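For reference, the structure discussed in these notes is given below.
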Amino acid sequence: MELILCKTYEEMSLAAADQISELVCKKPDCTLGLATGSTPVGMYRELVKRYEKGELDFSKVKTFNLDEYYPISPENDQSYYYFMHDNLFSHINIPEENINIPCGNAPDAEAECHRYEDLIAASEAVDIQILGIGQNGHIGFNEPDDFLYASTHITGLTDSTIAANARFFESENDVPKKALTMGIGTILRAKKIILLANGKSKHAAISALLDDKITTSCPATFLKTHPNVVLICDEEAYN
Ligand code: GLP
């Protein structure tokens with residue numbers, strides 16, 4: 001695993017934006033795997049800046065997001081659909097039809113998971129998958145458990161994730177209790193994975209990622225089986 005250790009959140013965001021920019025310039029029709037949460041917001045801000053300066057063209061880029069709450073409507077300002085448009089898609093020239101996010105208000109969640117998994121499988125492999133990490137080591141919404149899922153699936157959120165994500169909602173009760181998420185196998189099929197982490201609250205999860213054990217109690221540890229992972233983190237998350 002390659003490590004890029006950064007002094008600040010800003011530096012981390014620029015380092016991540018550099019990797020995406022380099023790919024988009026070299027391969028304009030690349031496929032990006034994208035993540036939500038507060039961690040990648042700075043990276044998205046930087047990508048928008050570079051687009052506005054005319055340095056980047058997203059007209060041929062295709063994206064797959066990791067996950068979405070369930071049930072939630074895309075218009076809900078807490079949906080990941082809303083988040084992605086608010087932070088990135090509405091500010092760049094990516095065609096709407098190139099954007100893929102699991103549908104949070106699909107009537108049949110299982111059918112939606114199959115549809116999403118099949119869509120990813122039928123597409124060209126994801127060139128770069130961006131990941132954040134939960135305080136408990138979750139990636140996407142693959143939560144610590146006795147076993148993990150390989151493919152896109154519906155999952156319950158752990159109490160600690162509901163508590164951690166409550167800061168975005170009016171109250172903890174408003175946080176959806178379920179989500180649709182790519183599985184560990186879906187994530188590991190990306191050609192390259194970039195994991196971003198900042199702040200003390202991520203330190204335990206990052207330590208587990210850096211030792212030699214692989215365990216379902218810290219789903220991110222499965223990234224150790226992937227040959228091309230870059231960890232971009234700040235000193236608080238690392239030390
Ligand atoms: C959420 C998302 C993850 C994200 C994580 C960390 O629950 N499903 O994809 O990586 O939590 O969020 P944050 O970046 O806000 O710490």
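Every residue, every condition in (1) of a type in the set (Asp, Glu); (2) surrounded by 14 or more Cβ atoms within 10 Å (Cβ to Cβ); (3) over 28 Å from residue 161 (Cα atoms); (4) in contact with a Gly (Cβ under 6 Å, 6 or more places away or on another chain), yes or no:
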residue	(1), (2), (3), (4)
25	no, no, yes, no
34	no, yes, no, no
44	no, yes, no, no
48	no, yes, yes, no
61	no, yes, yes, no
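Among residues of segment 145-157 that are modelled with pLDDT of 95 or more, those with a Cβ under 6 angstrom from a residue that is away from the ligand (no atom under 13 Å from the Cβ) and among the acidic types (Asp, Glu), sequence gap 6+ or separate chain, pair up as 151/117; 152/117.
If only one of 69, 51, 9, 81 is under 18 Å from the mean Cα position of the chain (by Cα) and either over 26 Å from residue 117 (Cα atoms) or of a type in the set (A, V, I, L, M) (or both), which one is it?
Testing whether each residue is under 18 Å from the mean Cα position of the chain (by Cα) and either over 26 Å from residue 117 (Cα atoms) or of a type in the set (A, V, I, L, M) (or both) leaves just 9.
Among the residues examined, residue 133 qualifies as modelled with pLDDT of 95 or more and within 16 Å of the ligand (Cβ to nearest atom). Count of segment 57-67 residues, restricted to those that are among the acidic types (Asp, Glu) and within 9 Å of the ligand (Cβ to nearest atom), is 1. When segment 195-239 is filtered for residues that are under 17 Å from residue 143 (Cβ atoms), out of contact with any Cys (no Cβ under 8 Å at 6 or more places or on another chain) and either among the small types (Gly, Ala, Ser) or modelled with pLDDT under 95 (or both), the ones remaining, listed by number, are 201, 204, 217, 220. Counting only helices (runs of 4 or more DSSP H) wholly contained in segment 166-239, the ones carrying 1 or more residues that are closer than 23 Å to residue 11 by Cα, of a type in the set (A, V, I, L, M) and more than 13 Å from the ligand (Cβ to nearest atom) occupy 203-210. Is it the case that segment 141-156 has a residue that's assigned to a helix (DSSP H, G or I), within 13 Å of the ligand (Cβ to nearest atom), touching a Gly at 6+ places or on another chain (Cβ under 8 Å) and under 21 Å from residue 205 (Cα atoms)? Checked against the condition, which is being assigned to a helix (DSSP H, G or I), within 13 Å of the ligand (Cβ to nearest atom), touching a Gly at 6+ places or on another chain (Cβ under 8 Å) and under 21 Å from residue 205 (Cα atoms), segment 141-156 yields no hits at all.
The values are calculated or read from the model by the stated rules, or taken from the named source; none is laboratory data. Note that the structure is a prediction, hence the values are computed from the model and not measured. All Cβ positions, glycine included, derive from the backbone under ideal geometry; neighbour counts span all protein chains shown.
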